[in-house]
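To start, the structure itself, in structure tokens.
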Amino acid sequence: MSIANVPSQYLLATQAPAKRTLIDILRASVDKHPEAAAIDDGEVITYAELWEEITAQAAHLHTLGIRRGDRIGIRMSSGRKDLYIAILATLTAGAAYVPVDADDPDERAELVFSEARINALYTDDGPQLIRATPGGDTRRPPAQQRRLDHLHLRLHRNPQRCCRHPPQRRRIRRRRIRTVSRQRTSRPARSG
């Protein structure tokens, strides 16, 4: 069948949106709505805070030896923000994630992870390197490199929020969240 025989309503390739990844969509949301709530698992985290956490975790994975194209097993309790951060950090690092439900039997997890030949494993305790890829692609994914460098510079301008001081950064984040919660609850009740 030649192009001449295809009805015009099917020839819309020029109108298709540009290719985007989940990380591209998330980054656009961060840029557009940085202070909006992104995850609420009892503790609210904004898109800006989510992006900081994801990029810090991706950089940590990179320092562990995770490279683009590696596979990371994820076996974490569901319903917690840490699970979403682990998945998004894995994708931001350029790796693929291999999920296994935390409630599945250990034998199933071992089978899935061994067949996938995972390089690292995320659990509720954090990421653990299992085996490094010999050689491997040591470059960060190009789309994230600029953003990671910008974020790292921004964090270093304020030493209290530097990625090398996570306990301080976490205390600041919780304080900010409590402040937002107080503002929400201190509104006068509507009479009516």
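Residues with beta-carbon under 12 Å from that of residue 110, excluding residue 110: net charge, scoring Lys, Arg +1 and Asp, Glu -1? Can you show the working numbers first?
Working: positive: 75, 108; negative: 104, 106, 107, 115.
With Lys, Arg at +1 and Asp, Glu at -1, the net is -2.
Once R0 is set to 25 Å, what does the formula 1/(1 + (r/R0)^6) return for the Cβ-Cβ distance between residue 22 and residue 111, expressed as a FRET efficiency to the nearest 0.05? Intermediate results must be reported in sequence, preceding the final value.
Values: r = 27 Å, r/R0 = 1.08.
Once rounded, the FRET efficiency stands at 0.40.
Give, as ranges by residue number, the residues of region 53-78 whose backbone N falls under 17 Å from the point 7 Å along Cα→Cβ of residue 131.
65-74
When Lys and Arg each count +1 and Asp and Glu each count -1, what net charge do the other residues less than 12 Å away from residue 80, Cβ to Cβ, add up to? If you can, show how the numbers build up before the last one.
Values: positive: 81; negative: 40, 41, 43, 82, 124.
Here the charged neighbours net out to -4.
Just so you know, all these numbers are worked out from the coordinates, no wet-lab data involved. Since we're looking at a predicted model, the values are computed, not measured. We place every Cβ from the backbone using ideal geometry, glycine too, and count neighbours over all the protein chains shown.
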